[in-house]
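> This is the structure, below, for whatever I ask next.
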Amino acid sequence: MAASLCTKNPATRAQVEAIPTPAATESYQPVSYKDFLELLEDVFNQHGMFIDSERYGLSNEGNQLFGVWTLMDEDGNPIMASDGKTQMAVGFRTSHDKTLPCGIVTGGNVFVCDNMMFNGADDQVVRKHTKNVLRDLQAKIEMAASNARPSFARITAEVEALRNVELTDRDFYYFLADLLRTDAINRNLFGKAASLWAKPPHDEFKGRDLYCAYNAVNEALKVSQARDMAGRHFGLHSMALKWAEENTPVATA
């Protein structure tokens, strides 16, 4: 399938797999992008999850890769949350310049806009490019695939909780300030997210709540470099959950 916008430097799978793999050394055993993607796809297929759509981004002259697959079942039906708005997704990153280990995390993809939802504390698989990397990576991907469905249920429940937190414009700017302080966004993304909050590109995000704020930032993150994508999404999700915990109204009898 053709790649749609994923990061600042989108690429197709063919372009990704054509990038040469650096030579191995005694201490460094790089995994080719092709082998990494094929292993990931094979394991998820064995667990009844198949690629529905795929997006890739490259940084540093192709030496850093980030990608997202949305997933469908063996009958070709998208694997969706109960709200019918969020599709199961798997995100992954790796590199050919020793800057990023092989990393995999399961999460969600908002159906209307391709915004991604990943919780860095939940079922994240990481393996450095060292001896026996492929053997160990397969076992770790097996674990991630086994946990993918319960992880997806958790993250969609977390995101649903954001809808219960109302925000004023002033609150939103405080939220952005917290994201900036923790390096989840930079100053350019601050401005872009503010513009998207003021003029949401989708009707679903015109509300004034933490879910719409989350998606304004999420939309802004699409211009990030591949090397920054996973960390920024983890930071956004973590801060949104913190805000939800601190600001969700207490139920009264």
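The values are calculated or read from the model by the stated rules, or taken from the named source; none is laboratory data. Here the structure is a predicted model, which is why all the values come from computation and not from measurement. Ideal geometry is used to build each Cβ from the backbone, glycine not excepted, and the neighbour counts take in all protein chains shown. With ligands, DNA and RNA removed, areas are computed over all heavy atoms of the protein, side chains included. Shrake-Rupley method; radii C 1.70, N 1.55, O 1.52, S 1.80 Å.
Yes/no matrix, rows are residues, columns are (1) assigned to a helix (DSSP H, G or I); (2) open to solvent by 10 Å² or more (accessible area, probe 1.4 Å):
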{"site": "Asp171", "(1), (2)": "yes, yes"}
{"site": "Asp178", "(1), (2)": "yes, yes"}
{"site": "Pro201", "(1), (2)": "no, yes"}
{"site": "Ala220", "(1), (2)": "yes, no"}
{"site": "Asp228", "(1), (2)": "yes, yes"}
{"site": "Gly231", "(1), (2)": "yes, yes"}
{"site": "Leu241", "(1), (2)": "yes, yes"}
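> Would you pick out the residues in the stretch 86-96 that are in contact (Cβ under 8 Å) with a residue 60 or more places away in the chain and either β-branched (Val, Ile, Thr) or assigned to a loop (DSSP other than H, G, I, E, B) (or both)?
Passing the criteria: Thr86, Thr94, His96.
> Turning to a different aspect of this structure: Search the stretch 72-84 for residues being in contact (Cβ under 8 Å) with a residue 40 or more places away in the chain and among the aliphatic types (A, V, I, L, M), and hand back the single one that is farthest from His233 (Cα to Cα).
Filtering first and then ranking leaves Ile79.
Here's the yes/no breakdown for (1) assigned to a strand (DSSP E or B); (2) in contact with a Ser or Thr (Cβ under 7 Å, 6 or more places away or on another chain); (3) in contact (Cβ under 8 Å) with a residue 60 or more places away in the chain; (4) surrounded by fewer than 20 Cβ atoms within 10 Å (Cβ to Cβ):
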| position | (1), (2), (3), (4) |
| --- | --- |
| Ala14 | no, no, no, yes |
| Ile19 | no, no, yes, yes |
| Ala24 | no, no, no, yes |
| Ser27 | no, yes, yes, yes |
| Pro30 | no, yes, yes, no |
| Glu38 | no, no, no, yes |
| Asp42 | no, no, no, yes |
| Gly57 | yes, yes, yes, no |
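> Now for a separate question. Residue check: is Asp83 modelled with pLDDT under 90, surrounded by fewer than 18 Cβ atoms within 10 Å (Cβ to Cβ) and part of a loop (DSSP other than H, G, I, E, B)?
Yes: the conditions hold for Asp83.
> Taking Phe190 as meeting all but one of (1) touching a residue at least 24 places away in the same chain (Cβ under 8 Å); (2) open to solvent by 10 Å² or more (accessible area, probe 1.4 Å); (3) under 24 Å from Gln64 (Cβ atoms), write down the number of the exception.
So the condition that Phe190 fails would be (1).
> Among the numbered criteria (1) in contact (Cβ under 8 Å) with a residue 60 or more places away in the chain; (2) over 16 Å from the mean Cα position of the chain (by Cα); (3) open to solvent by 40 Å² or more (accessible area, probe 1.4 Å), which one does Met49 miss?
Of (1) in contact (Cβ under 8 Å) with a residue 60 or more places away in the chain; (2) over 16 Å from the mean Cα position of the chain (by Cα); (3) open to solvent by 40 Å² or more (accessible area, probe 1.4 Å), only one is false for Met49: (3).
> Right, another one. If we keep just the residues of the stretch 125-150 that are modelled with pLDDT under 85 and within 16 Å of the chain's Cα centre (by Cα), which is farthest from Gln29 (Cα to Cα)?
Step by step, filter the stretch 125-150, then rank; the result is Val125.
> Exactly one condition in (1) assigned to a loop (DSSP other than H, G, I, E, B); (2) open to solvent by less than 30 Å² (accessible area, probe 1.4 Å) is false for Asp183; which is it?
(2)
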